[in-house]
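The values are calculated or read from the model by the stated rules, or taken from the named source; none is laboratory data. On a predicted model such as this, the values are computed, not experimentally measured, just so you know. Cβ placement follows ideal geometry from the backbone for every residue including glycine, while neighbour counts extend to all protein chains displayed.
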Amino acid sequence: MREIIERAEALQPQLTAWRRDFHHYPETGWLEMRTSAIIARELTQMGYEVLTGRAVCREDARMGLPEEAVLHKHAQQVLEQGAPAAFLTPDMCEGFTGVIGILRCGEGPTLGLRFDIDALGMTECPDAEHRPTREGFASVNEGCMHACCHDGHAAIGLGVAKVLMDMREQLHGTVKLLFQPGEEGARGARAMVAAGHLDDVDVFVGSHIAPTGGPDDGDVTPGTWGSLATTKYDVTFHGLAAHAGGYPEKGNNALVAAASAVLALYAIPRHSGGQSRVNVGTLHAGTGRNVIPDTAVMQVEVRGETTEINQYMAQMAVAACEGAAHMQGCTCEMVKMGEAEGQHSDHELLAHIADIVRRDLPQMTVSSIEDAQNWGSEDISLMMNRVQAHGGQATYMRMMTPMAGAQHTVRFDFDETVLSRSVMVFCAIALDALGKENA
């Protein structure tokens, strides 16, 4: 454990450099080409068995893919931004992003560690008081920003990889490092799970950097529960255009169908079994004031406190949209763009992690609530549930640090000392799970 602490502390400058590089060149879901190529290069140089491209994500399980033209344009851009060409594979350029690093240390259990790597579709604050702008590592990609710590998560994953490789003689079993694309919008985990990468994992751990001053009153919250299950749709209504003044009866108004669907969605009866959510985030339709709109497109999501409640909400949402389309003589196409399930951390595992931190990392404190209620939705739930379904244990931790600006805002930033502390926690868990004295 002293070796873990010393190695992690010594890595702080490199962790900061990795994080700032990823922050400077953010990439949204399925476009994480530069990020994936750099991670693949670093893991390869460390000596890991590295999986990329179609080996990481099953093709028919990917959701919410960018258009082919967007993929092609971004593939050209990342070469100009320093992506290592030798590791930027043709698969990555087709949106098969994400990387898995495998460290095999003989017989023993398999430990899976997950780190998400995608950014958000936001334009970063250009003001000088914003540290990334002031210190020269703010996003250079217009409309894209790391505003939810995933740049830090990717850096932590590389730090964990470095420490565990250097300590591999003390391990007995297999480590899988899962660098997941497309967490925002709940898209990427499904494709990695479908590819079978969680099927042999005995212990699974993920983590999210979180703000101090909230409900977590320590440095580490070893488990969380209750993130909302969710389903996200792009909905396209197809009608028939007509002259709005001359022959309105000859048209089928897709905008009216969509507007009716919005009202019907918000009128879905709530479920008695727990919390539920519905939101229409965007609605675009029409070409001019004197034309009956023949197309309308909206982005919709539903959520539920449990997987079952979310399924109810999704079924009702489909019925609301299809019914509204039929009422106006239109058709309705609904494409699923993302999904996550409900999640819970295994109490035995999270309690054990709390003991590890208290025993072996005394410079850190454990939150008084060891299993805290989560917020929002997280597709790590799909990974956790797959591991738990075949008898493994899983937990989703939080690592606290001061933050400038709230997550998912243009002024977001965080105290980077959390990077080395997170490496310590992940590596302490790995040594406890795979240490030869514990085999």
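Worth a mention:
- Screening 333, 339, 322 for residues that are free of Cβ contacts under 8 Å to residues at least 40 places away in the same chain and farther than 23 Å from residue 434 by Cα leaves exactly one candidate, 322.
- Residue selected from segment 266-282 under the condition touching a helix residue (DSSP H, G or I) at 6+ places or on another chain (Cβ under 6 Å) and in a strand (DSSP E or B), by the criterion nearest to residue 306 (Cα to Cα): 276
- Taking the criterion of being more than 14 Å from residue 24 (Cα to Cα) and part of a helix (DSSP H, G or I), the residues of segment 89-141 that qualify are 90, 91, 92, 93.
- Residue satisfying all of: in segment 346-365; within 20 Å of residue 417 (Cα to Cα) and not hydrophobic (A, V, I, L, M, F, W, C); nearest to the chain's Cα centre (by Cα) among these: 365
- Taken together, the residues in segment 330-383 that are of a type in the set (Gly, Ala, Ser) and under 30 Å from residue 255 (Cβ atoms) amount to 2.
- Single match in 255, 240, 198 (criterion: at pLDDT 95 or above, assigned by TED's automatic domain parsing to the domain that holds residue 278 and either of a type in the set (Asp, Glu) or under 29 Å from residue 311 (Cα atoms) (or both)): 255
- Qualifying residues in segment 75-92 (those that are in contact with a Leu (Cβ under 9 Å, 6 or more places away or on another chain) and surrounded by fewer than 21 Cβ atoms within 10 Å (Cβ to Cβ)) - the one nearest to residue 300 (Cα to Cα): 75
- Qualifying residue in segment 43-66 (condition: surrounded by 21 or more Cβ atoms within 10 Å (Cβ to Cβ), part of a helix (DSSP H, G or I) and not β-branched (Val, Ile, Thr)): yes
- Failed condition for residue 324, given (1) within 26 Å of the chain's Cα centre (by Cα); (2) part of a helix (DSSP H, G or I); (3) surrounded by 15 or more Cβ atoms within 10 Å (Cβ to Cβ): (1)
- Some residue of segment 310-318 being β-branched (Val, Ile, Thr) and assigned to a helix (DSSP H, G or I): yes
- Among the candidates 246, 281, 288, 273, residue that is free of Cβ contacts under 8 Å to residues at least 60 places away in the same chain, small (Gly, Ala, Ser) and over 30 Å from residue 320 (Cβ atoms): 246
- Look at (1) surrounded by 15 or more Cβ atoms within 10 Å (Cβ to Cβ); (2) without any contact (Cβ under 8 Å) to a residue 60 or more places away in the chain; (3) within 23 Å of residue 195 (Cβ to Cβ) and you find that residue 118 fails only one, number (2).
- Flag for residue 391 being of a type in the set (Gly, Ala, Ser) and either assigned to a helix (DSSP H, G or I) or within 20 Å of residue 303 (Cα to Cα) (or both): no
- Where residue 205 falls short, out of the listed (1) under 19 Å from residue 338 (Cα atoms); (2) within 16 Å of the chain's Cα centre (by Cα): (1)
- Meets criteria (within 21 Å of residue 205 (Cβ to Cβ), surrounded by fewer than 19 Cβ atoms within 10 Å (Cβ to Cβ) and modelled with pLDDT of 95 or more) for residue 109: yes
- All told, residue 303 falls short of being surrounded by fewer than 20 Cβ atoms within 10 Å (Cβ to Cβ) and of a type outside the set (Ser, Thr, Tyr).
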